[in-house]
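Novice: Okay, here's the structure, questions in a sec.
The values are calculated or read from the model by the stated rules, or taken from the named source; none is laboratory data. As the structure is a prediction and not an experimental result, all values here were calculated from the model. Glycine also receives a Cβ, built like all others from the backbone with ideal geometry; neighbour counts cover every protein chain displayed. Just the protein is used for accessible areas: all its heavy atoms, side chains included, with ligands, DNA and RNA removed. Shrake-Rupley method; radii C 1.70, N 1.55, O 1.52, S 1.80 Å.
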Amino acid sequence: STAVGQYDLMALFVERAVKSIRADGRIALILPDRWFLNRNDEPLRRFVDGRVALEQVVRLGEGRFAGVTMPAALCVWTTGRTVTELRVSEGLDGEGRSLDPRVFGAWDEARIPVHLTRAECALAARSLGRPGVRLGDRVYHGRGVEIGRRSVWLRSSAGQETAPIRFGEDVDR
């Protein structure tokens with residue numbers, strides 16, 4: 001059901017694994033780290049969310065597999081019980097943190113922001129259900145300037161008919 005339009009074969013693999021899990025089972029898959037936030041993976045996140053509960057993520061980073069530069073993550077899902085905390089760690093030996101999965105329901109496109117720190121999750125939890133101004137209402141954000149690329153044709157200050165550009169390396173949380 002996730003194979004619509006342009007899709008990644010990874011989605012079909014995950015879909016089959018999720019459909020195969022027992023009623024009281026658990027599955028663990030190593031996936032590209034991008035699936036948590038990538039807009040194109042929204043159908044897969046929605047499919048998974050309605051069927052299994054994500055209980056653990058180990059962000060493995062880049063270079064775990066020969067010839068593969070894409071960051072990877074180990075994801076563990078369970079069925080048959082309620083998950084009240086998502087355990088996230090950076091690397092196999094990295095310090096872990098627990099995140100409240102209810103916070104993720106507030107994110108657009110069913111994104112799963114496993115990159116958040118405990119403090120950031122606490123801030124997000126406090127703001128749940130409270131009206132606020134969306135980032136998109138304050139700024140235009142889009143892709144165009146690739147990571148690490150600057151050019152004499154791009155300016156960080158506004159001109160007569162232009163808006164200022166902030167490069168990715170100039171912005172942090």
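Novice: For region 31-69, name all the residues that are of a type in the set (Asp, Glu) and surrounded by 13 or more Cβ atoms within 10 Å (Cβ to Cβ).
Specialist: Across region 31-69, the qualifying residues are Asp33, Asp41, Glu42, Asp49, Glu55.
Novice: With the checklist (1) assigned to a strand (DSSP E or B); (2) loosely packed, with under 13 Cβ neighbours inside 10 Å in hand, flag the one item Asp93 doesn't pass.
Specialist: Looking at each condition in turn, Asp93 falls short on (1).
Novice: Before we move on, is Ala28 open to solvent by less than 30 Å² (accessible area, probe 1.4 Å), under 23 Å from Leu99 (Cβ atoms), modelled with pLDDT of 90 or more and out of contact with any Asp or Glu (no Cβ under 8 Å at 6 or more places or on another chain)?
Specialist: No, not satisfied.
Conditions (1) modelled with pLDDT of 90 or more; (2) under 25 Å from Thr84 (Cβ atoms); (3) outside any helix (DSSP H, G or I); (4) not basic (Lys, Arg), marked per residue:
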{"site": "Arg22", "(1), (2), (3), (4)": "yes, yes, yes, no"}
{"site": "Glu42", "(1), (2), (3), (4)": "no, yes, no, yes"}
{"site": "Glu55", "(1), (2), (3), (4)": "yes, yes, yes, yes"}
{"site": "Val58", "(1), (2), (3), (4)": "yes, yes, yes, yes"}
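Novice: I want to confirm something. Restricting to region 83-115 and keeping residues that are closer than 16 Å to Phe36 by Cα and of a type in the set (A, V, I, L, M), which single residue is modelled with the highest pLDDT?
Specialist: Of everything passing the filter in region 83-115, Val88 is modelled with the highest pLDDT.
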